[in-house]
Amino acid sequence: QVQLVESGGGLVQAGGSLRLSCAASGRTSSRTVMAWFRQAPGKEREFVAAISWSAGSTYYADSVKGRFTISRDNVKNTMYLQMNSLKPEDTAVHYCAAQEFSSWNPATAPKQYEYHYWGRGTQVTVSS
């Protein structure tokens, strides 16, 4: 069982930066994968980035490559998303998700239905 709590959202101007955090409590394992998803008004929830808890392998959506960096602190049981060069189209509620997988698979990481544990979300708003 894993409980997830996001924080760090806010309002920034285009070109600015934010750092999101996802604090995990309960059981985590070396097979845990954690990810960020986001949902903008009137749009479907979409994948942002994922990271394996043990090796730190990462995978990013094309829309955020080169701008966002996902990381984790195993001691603090916390995942981060550093967001730079923010654009108005990044405006969305950002959700933290976690799941144990038998192995790391970049083809599976972006699929939201593969994750059993979810946080409540944190709002990111980017003004133009």
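The values are calculated or read from the model by the stated rules, or taken from the named source; none is laboratory data. Model, not experiment: these values are computed from the prediction. Ideal geometry is used to build each Cβ from the backbone, glycine not excepted, and the neighbour counts take in all protein chains shown. Heads up: the accessible areas ignore ligands, DNA and RNA and are worked out on the full protein's heavy atoms, side chains in. Shrake-Rupley method; radii C 1.70, N 1.55, O 1.52, S 1.80 Å.
Taken over the range 69-128, residues that are at positive phi and either without any contact (Cβ under 8 Å) to a residue 24 or more places away in the chain or among the hydroxyl-bearing types (S, T, Y) (or both) amount to 1. State whether one or more residues within the range 91-112 are under 16 Å from V126 (Cβ atoms) and either charged (D, E, K, R) or open to solvent by 70 Å² or more (accessible area, probe 1.4 Å) (or both). Scanning the range 91-112, I find no residue that is under 16 Å from V126 (Cβ atoms) and either charged (D, E, K, R) or open to solvent by 70 Å² or more (accessible area, probe 1.4 Å) (or both), so the answer is no.
Kindly indicate whether any position in the range 70-87 is surrounded by fewer than 21 Cβ atoms within 10 Å (Cβ to Cβ) and touching a helix residue (DSSP H, G or I) at 6+ places or on another chain (Cβ under 8 Å). Within the range 70-87, none of the residues are surrounded by fewer than 21 Cβ atoms within 10 Å (Cβ to Cβ) and touching a helix residue (DSSP H, G or I) at 6+ places or on another chain (Cβ under 8 Å).
Selection within the range 25-37: residues that are among the hydroxyl-bearing types (S, T, Y) and surrounded by 12 or more Cβ atoms within 10 Å (Cβ to Cβ). The member of this set that is farthest from A98 (Cα to Cα) is T28. If you go through the range 33-40 one residue at a time, do you hit one that is among the charged types (D, E, K, R) and within 10 Å of the chain's Cα centre (by Cα)? Within the range 33-40, one or more residues are among the charged types (D, E, K, R) and within 10 Å of the chain's Cα centre (by Cα).
Taken over the range 87-107, the criterion of being under 15 Å from the mean Cα position of the chain (by Cα), over 15 Å from S30 (Cα atoms) and of a type outside the set (F, W, Y) is satisfied by D90, T91, A92, V93, H94, C96, A97, P106.
Of the residues that sit in the range 49-69 and are modelled with pLDDT of 95 or more and closer than 15 Å to E114 by Cβ, which one is most open to solvent (accessible area, probe 1.4 Å)? Residue satisfying both the conditions and the ranking: Y59.
Does R45 fit the bill of being among the charged types (D, E, K, R), within 16 Å of A109 (Cβ to Cβ) and in contact (Cβ under 8 Å) with a residue 24 or more places away in the chain?
Numbers: among the charged types (D, E, K, R): yes; within 16 Å of A109 (Cβ to Cβ): yes; in contact (Cβ under 8 Å) with a residue 24 or more places away in the chain: yes.
Yes; evaluated as a whole, the condition is true for this residue.
Selection of the range 38-48 for residues being surrounded by 11 or more Cβ atoms within 10 Å (Cβ to Cβ) and out of contact with any His (no Cβ under 9 Å at 6 or more places or on another chain) yields A40, R45, E46, F47. Please verify whether the range 11-24 includes one or more residues that are of a type in the set (V, I, T), assigned to a loop (DSSP other than H, G, I, E, B) and either free of Cβ contacts under 8 Å to residues at least 24 places away in the same chain or open to solvent by less than 40 Å² (accessible area, probe 1.4 Å) (or both). Scanning the range 11-24, I find no residue that is of a type in the set (V, I, T), assigned to a loop (DSSP other than H, G, I, E, B) and either free of Cβ contacts under 8 Å to residues at least 24 places away in the same chain or open to solvent by less than 40 Å² (accessible area, probe 1.4 Å) (or both), so the answer is no. Mind listing just one residue for me: the one in the range 1-10 that is aliphatic (A, V, I, L, M) and at pLDDT 95 or above and, of those, least open to solvent (accessible area, probe 1.4 Å)? Among residues in the range 1-10 that are aliphatic (A, V, I, L, M) and at pLDDT 95 or above, the one least open to solvent (accessible area, probe 1.4 Å) is L4.
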